[in-house]
Amino acid sequence: MARKRKRILKAALYLLLTLLLVLAGVVIFSIIKLRASLPIRDGELQIKGLDLPVTVTTDRFGIPTITASTRRDAALALGYVTAQDRLFQMDLLRRRATGRLSEIVGDIAIGTDKRQRVIGFHRVTQAIVANLSNEQREILAAYADGVNAYIRQMDTAPFEFLLLGYQPEPWTAEDSILVVMNIFQVLSLKESDERMMTIMKKSLPPEVVAFLTPDTDRYTQVLLGGPDAHRPIQPIPVEALTSIRRAPKQTGGRLVRTTSHVAGSNGWAVDQSKTADGRAIVANDMHLRLSIPNTWYRASLRYEGVEISGVILPGTPAMVVGSNGHVAWGFTYIAGDFLDLVQLEINPENPDEYKTPDGWKRFEVLNERIEIRGGEHIVQPVKLTIWGPVSPNPLMGQPVALHWTALQPEAVGMELLDMDQATTLDDALDVMNRFGGPPLNVTMADDAGQIAWTYCGKIPIRKGFDGSSTKSWADGDIGWEGYIPPSELPRVISPPEGFIATANNRTLGKDYPYIIGYNFANSHRAYRINKRLREMDKVTEQDMFQLQLDTTNHFFEFYQQLALAVLTEDAIANEPLLLEARKQIAAWDGRVEVDSVAFGLLVRFREILAEDVFEPFLVLCYKTDRRFSYSWRNMEAPLRALLKERIAATLPDPTNYPDWETFLLAKLEQSIEQLIRKYDLKSLDQLTWGTIHRTHISHPLGFIPILGKILNMPQKPLPGGYHCVRATSASERMVISPGREADGILHIPSGQSGHPLSENYKDQFNYWLKGEPLPFLQGPTTHTLTLNPSP
């Protein structure tokens, strides 16, 4: 019996050893297979389509410098090099834009694919490419040739393709436009603003709508057009608010949204009067949802006497922000209004027709076939009108069509490619004003010490309405009359203050002849940047970088004082938790560092106040349309007015609270209880900002548990955020003086490579996290690759 057990044990051990060896073999084979798809950095390669040899040098961070004889060869090499590092990211971007994600990931992407098929980027890209100049088409074609050269040559596809079991399709010029369309969508597809305003105008008295929707705030920093606003701050409409107040918690969900992600950015420039040696400096950090690979790809190009450096959007050959040695530039989000929802009047005798200025017209109906990995395909019907696609989501029960600049071929272009030829500020302003990209603020500087600000993008001129709410365009009296001419876009050049700053705030006053938008970001970041720049002298690149990392937060001082005012001696008597809260809130120093205690409590206090103060006055909006939510970016003005004046008649919930003081104290207690429960705290002194505020930088496949541990960035405590200059979602930080690029600074939150086995997958993360600068230009060369024309 003992011998039999030994034989069984021995056999089990052999089996286990065999399994371990097989598993080790699989792991080793997988690693070898994965390593085979790493980018080639050294040696020589034959590339079809090149006219002359191209040299690609990279430094220890994998940042390429491409030296070519012609612009076309540089674009081709850039396509090849970028595809080596980011091919799956590029493929995902074009698939997302066209609604083809379900083909590779299954039914989890059906919702996204349906939405994208309705939008229909794939229906306009050919027309957009046809409208480009011959030279722009040539550059896009060369870039596509480079990407396709890599696809043809790769022995092993990047691991994502292996994991998902598919091969990338050839790249086209239209695909580069699709990549740009993703950025259009992030930055300007804001139909929720118009839906919100339309429902409010239908449901609420006009004085309440005006009170709740100002386009300005106490921190406003206007650059042009006078001090007056189109939607100024209004006094509290006490009687009207009282008449519409309803009991809270009738909506079954969150009616007020204060923490939705909004694309943004900081951008500023100082001229020669603010620096020691007469140089001008541009600083820019663009705020987008963080991911790995990063949104941007660092590169430098040299050709035909041009040296241009900065970041590109993988899938396109244009330098998005950077410097060409003569001019440096950066972008910030305008938060303007570049789309309209057109209310459709349906023929009561024929539901297949809608009214136009030329009479009834039939909908054009398309059936978009969506392939689904591991399942049956589905068909998404799409109705088209003369204004655009019909939204699948009605507004107040009525169908609406989407009319958006991104779907107008004449409004989209690649003029940004021409920034390589801009040698003066006037040249750069001309390029930007012609550029048909997403409408953005542009801040720039030249090598003569001058600075400027303007807009890029096509901005519609509206007739018969201001665009804030949905109207019928059927009679022809309402609509768009083209776009603001490039020569009439706003400009400021070298102002007397010696600096210019934007941070998604309202920058134009009422005297500017065109309405750009109405739902701008709160101006606190712009206010803080302006304040610091006004105080500075003999500015350096390092000074500008430190300002990008500024965590001073005046915005929440109001809530600090409000909380202390309600934490009276009577309120904290026999309440040790409230006593501790008062101690920590009083000790907050106005900075938002990872060890800041109480700031997280103030943030939650404000969120609860916004939700519970506004909701009783918005119940009628919810009853008009169950999809309604109030997410006004400048809700701070009406919120502070109500909290400051505390008029008894505007008490949000008089049934449960006899006065404002009781209401405020209850909301503060609620905030404390929620945070202690959520973070399992024993005391409030454990509630540091770093406990609450952490990095979340994920790979598209990082939701898979085992892969997530390998692919995603570690979650680390992060300073800043919530109205600080130092933003949570800074997708790059750049500081540059044109002509002095060697002194410049640039870093991104992950790395150059999208390959998890690459040393450049996450090697810039700690610099970004800790706020440590990296050089703007490539460092010492560690690898040299020569691309030769294929015989």
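Annotation: extensible slack from Glu371 through Glu497 equals 39.6 nm (criterion: 0.36 nm per residue apart, minus Cα-Cα distance).
For a paramagnetic label modelled at 7 Å from the Cα of Gln542 toward its Cβ, which residues of the range 262-289 fall within the zone defined by backbone nitrogen distances under 17 Å? 275-277, by backbone N distance to the label point. The label-point distance for Lys463 and Asn350, in a model that sets each label 7 Å from Cα toward Cβ, rounds to 2.7 nm.
Taking every C-alpha pair closer than 8 Å and separated by at least 6 residues, the mean separation divided by the residue count of the range 137-212 gives a relative contact order of 30 percent. Note on the chain: helix-only mean residue ellipticity at 222 nm, from DSSP H runs of 4+ residues weighted -39500 (n - 2.57) and normalised by residue number, equals -11000 deg cm²/dmol.
For the chain, the per residue solvent-accessible surface stands at 40 Å², with DNA, RNA and ligands left out and a 1.4 Å probe. Sparse packing (at most 14 other Cβ atoms within 10 Å of the Cβ) combined with a DSSP loop state is found for the following chymotrypsin sites (Phe, Trp or Tyr not before Pro) in the range 119-186: Tyr166.
Note on the range 307-393: Cα-Cα pairs beyond 19 Å make up 66% of the total pair count. For the range 509-601, the equivalent ellipsoid derived from the alpha-carbon gyration tensor has semi-axes of 35, 21, 10 Å in decreasing order. Kindly state, to the nearest 0.05, the FRET efficiency for Ala127 paired with His696, given R0 = 56 Å and r defined as their beta-carbon distance. Rounded to the nearest 0.05, the efficiency is 0.90. Across the chain, the relative contact order, built from alpha-carbon pairs under 8 Å that are at least six residues apart, equals 21 percent. What the Cα convex hull of the range 681-791 gives, in volume per residue, is 185 Å³.
Roughly speaking, what % of Cα-Cα pairs in the range 185-296 are separated by over 17 Å, rounded to a whole number?
Here the tail beyond 17 Å accounts for 75 percent of pairs.
Annotation: peptides 506-517, 390-401, 359-370, ranked by per-residue average of other Cβ atoms within 10 Å with the highest first, follow the order 506-517, 390-401, 359-370.
Per-residue extension of 0.36 nm, minus the Cα-Cα distance of Ile710 and Thr782, leaves a gain of 23.3 nm for this segment. The chymotrypsin sites (Phe, Trp or Tyr not before Pro) of the range 759-791 include none that DSSP puts in a loop with a beta carbon having at most 13 other beta carbons within 10 Å.
Here, the range 458-579 has an Rg and a Dmax of 22.7, 69 Å when only alpha carbons are counted.
Of the accessible area of the chain, computed with a 1.4 Å probe over protein heavy atoms only, carbon and sulfur atoms account for 52 percent.
Residue ranges 748-754, 58-64 sort as 748-754, 58-64 when ordered by packing (mean number of other C-beta atoms within 10 Å per residue, highest first). In plain terms, if you count all Cα to Cα distances in the range 33-163 and split them into 5 Å steps from zero, the share in each step is 2, 10, 16, 18, 18, 15, 12, 8, 3, 0 percent.
For the chain, the membrane-span-like helices by this rule, meaning whole DSSP H stretches whose C-alpha atoms cover at least 24 Å of axis and whose Kyte-Doolittle mean is 1.0 or above, are 2-35; this says nothing about an actual membrane.
On the basis of the beta-carbon distance and an R0 of 35 Å, Glu772 and Tyr679 show a calculated FRET efficiency of 0.75. Label reach from Ala36 (point 7 Å along Cα→C-beta): in the range 133-157, amide nitrogens under 18 Å belong to 150-157. Sorting the Cα pairs of the range 98-174 by distance into bins of 10 Å, from 0 upward, gives 17, 33, 37, 14, 0 percent per bin. Summarised as an ellipsoid, the range 687-751 has semi-axes of 28, 19, 8 Å, derived from the eigenvalues of the Cα gyration tensor scaled by 5 and square-rooted, with the largest first. Counting Lys +1, Arg +1, Asp -1, Glu -1, what net charge surrounds Val365 among other residues with beta carbon under 11 Å of its beta carbon? Counting the neighbours of Val365, the net charge comes to -1. Placing pseudo-labels 7 Å out from each Cα toward the beta carbon at Trp480 and Ser273 gives an inter-label distance of 3.9 nm.
For the pair His554 and Ser790, label points projected 7 Å from Cα toward Cβ lie 6.0 nm apart. For the range 418-476, the average shadow cast by the Cα convex hull is 5.5 nm², which is a quarter of the hull's surface. Could I get the Rg over Rh figure for the range 375-436? Both from C-alpha atoms, Rh via Kirkwood, rounded to two places. Reported Rg/Rh, Kirkwood definition of Rh: 1.27.
The loop-placed GluC sites (Glu not before Pro) in the range 275-353, going by DSSP, that have at most 13 neighbouring Cβ atoms within 10 Å of their Cβ come out as Glu304, Glu349. Work through the residues other than Pro616 whose Cβ is under 12 Å from its Cβ and net out their charges, Lys, Arg +1 and Asp, Glu -1. Taking every other residue near Pro616 into account, the sum is -1.
By the Cα gyration tensor, the chain has an equivalent ellipsoid whose semi-axes, rounded to whole angstrom, run 42, 35, 31 from largest to smallest.
Counted over all Cα-Cα pairs of the range 553-706, pairs farther apart than 21 Å make up 53 percent.
The values are calculated or read from the model by the stated rules, or taken from the named source; none is laboratory data. Treat the numbers as computed from the prediction; the structure is a model and nothing was measured. So basically every Cβ, Gly included, is an ideal-geometry build from the backbone, and we count neighbours across all protein chains shown. Areas reflect the complete protein model, heavy atoms only, side chains present, ligands, DNA and RNA absent. Shrake-Rupley method; radii C 1.70, N 1.55, O 1.52, S 1.80 Å.
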